[in-house]
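The structure appears right after this line, and notes come after that.
The values are calculated or read from the model by the stated rules, or taken from the named source; none is laboratory data. Worth saying up front: this structure is predicted, and the values here are computed from it rather than measured. Every residue, glycine among them, receives a Cβ derived from its backbone with ideal geometry; neighbour counts consider all protein chains shown.
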Amino acid sequence: MINFVISMKMKQVNIDYSKLTKLYYSIGEVSSLLNVNASLIRFWEKELELNSPKKNKKGNRQFTVKEIKNLELIYQIVKIEGYKLDAAKKQLKIRKSDSKGQFSKNKELINKLQNIKNKLIQLKN
């Protein structure tokens with residue numbers, strides 16, 4: 001019997017916030033920015049006990065840029081870093097309560113070190 005190891009590396013989301021000029025974005029627009037289904041955003045909203053976005057007269061969700069940034073953070077925690085939902089809740093609290101921005105500084109440092117490591121590996125080859 002042959003065992004196959006499947007490695008699914010999720011794509012890093014890079015949203016250009018300077019191009020987001022509207023005040024509110026629909027769930028379809030947000031889902032296309034994050035490259036996920038709209039149902040996943042609704043699921044995260046419910047399961048991670050997020051503040052519900054504003055709804056229009058029809059009841060459609062309207063997301064602000066701040067809420068999109070929050071969803072991008074959730075995407076990073078759940079899809080890229082691979083946390084389960086319970087651990088993701090804890091990570092969200094930790095990262096949001098980090099008033100000095102130490103976590104983001106550490107994350108940037110880790111990313112820089114990984115880039116240096118990759119360049120050194122390329123030089124070695």
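Quick check on the range 23-35. Is at least one of its residues modelled with pLDDT under 90, part of a loop (DSSP other than H, G, I, E, B) and surrounded by 11 or more Cβ atoms within 10 Å (Cβ to Cβ)? Checking the range 23-35: not a single residue is modelled with pLDDT under 90, part of a loop (DSSP other than H, G, I, E, B) and surrounded by 11 or more Cβ atoms within 10 Å (Cβ to Cβ). For the range 21-39, the set of residues classified as under 23 Å from LYS57 (Cα atoms) and of a type in the set (A, V, I, L, M, F, W, C) consists of LEU23, ILE27, VAL30, ALA38, listed by residue number. Based on what the data block shows, is GLU49 of a type outside the set (Val, Ile, Thr), at positive phi and either surrounded by fewer than 17 Cβ atoms within 10 Å (Cβ to Cβ) or in a helix (DSSP H, G or I) (or both)? Criteria met by GLU49.
Entry remark, the range 65-78: residues being more than 14 Å from GLU45 (Cβ to Cβ) and polar (S, T, N, Q) number 1 in total.
Which residue pairs have Cβ atoms under 9 Å apart, sit 6 or more places apart or on different chains, and have a first residue in the range 54-75 that is β-branched (Val, Ile, Thr) and a second that is assigned to a strand (DSSP E or B) and at pLDDT 90 or above? Within 9 Å, the pairs are THR64/TYR25; THR64/LYS54; VAL65/TYR25; ILE68/TYR25. Applying the criterion of being of a type outside the set (A, V, I, L, M) and in contact (Cβ under 8 Å) with a residue 12 or more places away in the chain to the residues of the range 76-99, the residue that is surrounded by the most Cβ atoms within 10 Å (Cβ to Cβ) is LYS79. LYS66 meets each of the listed conditions (1) over 16 Å from the mean Cα position of the chain (by Cα); (2) assigned to a helix (DSSP H, G or I); (3) not aliphatic (A, V, I, L, M) apart from (1).
Here the range 52-75 is the region considered, the condition is being of a type in the set (Val, Ile, Thr) and closer than 20 Å to LYS107 by Cβ, and the residue that is surrounded by the most Cβ atoms within 10 Å (Cβ to Cβ) is ILE74. Filtered by the rule that a residue be touching a strand residue (DSSP E or B) at 6+ places or on another chain (Cβ under 9 Å) and within 22 Å of ALA88 (Cβ to Cβ), the range 39-62 gives ILE41, ARG42, GLU45, SER52, PRO53, ARG61.
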